[in-house]
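Asker: Got a structure here, written out as structure tokens. Questions coming.
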Amino acid sequence: MALRVDNITAGYGKITVLRNLSLEVREGEILGLLGRNGMGKTTLIRCLAGLIRPTAGNITFEDRQITELPPHERAQIGITTVVQGRGVFPGLTVRENLEMGRIASRRTKRSRIDEVVSYFPRLGERMRQSAGTLSGGEQQMLAIGRGLMTDPTMMLLDEPSDGIMPMLVQQNAKILKEINHREGMTMIIVEQNVPMVFSLTDHCVILEKGQVVTEGTRDEVSRSEVMKAYLAI
């Protein structure tokens with residue numbers, strides 16, 4: 001098992017968002033995490049990334065207890081996070097952004113720039129260009145590429161389709177699928193774009209009020225009453 005979350009409770013100050021939430025993700029799997037705004041999806045990603053510490057429960061990654069580990073230590077053991085809004089360094093070039101990923105993780109000394117460019121040829125054409133001048137879709141490519149530079153075994157992606165043209169959403173989804181197949185990388189993808197999630201994975205979870213209310217295959221989740229009620233599918 002790549003990741004196990006056992007009964008975590010978490011939130012912000014006196015506001016509880018996640019309530020006794022549990023789930024498991026198999027090695028090499030892509031898990032689609034669905035739900036309306038405010039239901040706890042991003043809070044869960046922030047807990048897994050180490051940006052929020054649960055007030056109860058445990059998180060286990062590759063048989064290692066990581067509940068108390070800070071974000072930089074999680075990066076060093078193979079967890080990378082692509083945050084909502086992409087979070088690139090706009091004043092740095094594309095190449096500098098990619099190298100920042102490698103340096104920050106301290107996980108590998110080798111550069112994976114050639115591998116990143118093989119996934120995202122467009123980045124190869126823009127290595128000297130400032131990241132802030134890229135389109136939203138290109139910045140998302142850069143954010144994923146920077147994550148790959150850390151040589152991760154698990155990637156957390158928070159709303160990767162947010163603010164991107166539909167054509168590039170489909171393109172990036174294909175590339176994520178390719179990365180998963182080629183590298184066996186475990187992924188957890190938080191999304192409201194249901195078609196994108198269904199194109200990527202056969203295992204989905206729906207959150208409602210900080211708890212898992214539906215879990216199963218793509219077909220099982222798509223037929224559920226929760227999906228019909230909350231996501232209007």
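The numbers here are math on the coordinates, done by the rules we state, and not lab data. Since this is a predicted model, take the numbers as computed values, not measurements.
Asker: In the Gaussian network model of the chain, springs joining C-alpha atoms below 10 Å, which of THR133, THR67, THR186 carries the largest mean-square fluctuation?
Answerer: THR133
Asker: Find how many whole Å separate the alpha carbon centroid of the range 139-212 from the alpha carbon centroid of the range 16-48.
Answerer: A separation of 13 Å, based on Cα centres.
Asker: Given Cα pairs under 8 Å that are at least 6 residues apart, what percent is the relative contact order of the chain?
Answerer: Taking the mean separation of contacting Cα pairs over the length of the chain, I get 27 percent.
Asker: How far is helix 166-183 tilted, in degrees, relative to the longest principal axis of the Cα atoms in the chain, given as a value from 0 to 90 rounded to the nearest 10?
Answerer: Once rounded, one gets 90 degrees.
Asker: Show that you can apply the helix-only estimate: for the chain, add -39,500 (n - 2.57) for every DSSP H stretch of four or more residues, divide by all residues, and state [θ] at 222 nm to the nearest 500.
Answerer: Rounded to the nearest 500, the figure is -10500 deg cm²/dmol.
Asker: Given that just one value was derived from the coordinates, which of (i) 28, 21, 16; (ii) 32, 22, 19; (iii) 27, 24, 16 is semi-axes √(5λ) of the Cα gyration tensor in Å?
Answerer: (i)
Asker: Kindly express, to the nearest 10 degrees and within the range 0 to 90, the angle between helix 136-148's C-alpha long axis and the longest C-alpha principal axis of the chain.
Answerer: 90 degrees
Asker: Compute the helix-to-body angle for 94-105: its Cα long axis versus the longest principal axis of the chain, expressed 0 to 90° and rounded to tens.
Answerer: The angle comes out near 60 degrees.
Asker: Further question on the same structure: Which number gives the lysine pairs in the chain that have C-alpha atoms under 23 Å apart and are eight or more places apart or on different chains?
Answerer: 7
Asker: Just to be sure I understand the curve: with the Debye formula and one point per C-alpha of the range 32-137, what is log10 I(q)/I(0) at q = 0.12, 0.16, 0.19, 0.22 Å⁻¹?
Answerer: Taking Cα atoms of the range 32-137 as identical point scatterers yields -0.54, -0.88, -1.09, -1.21.
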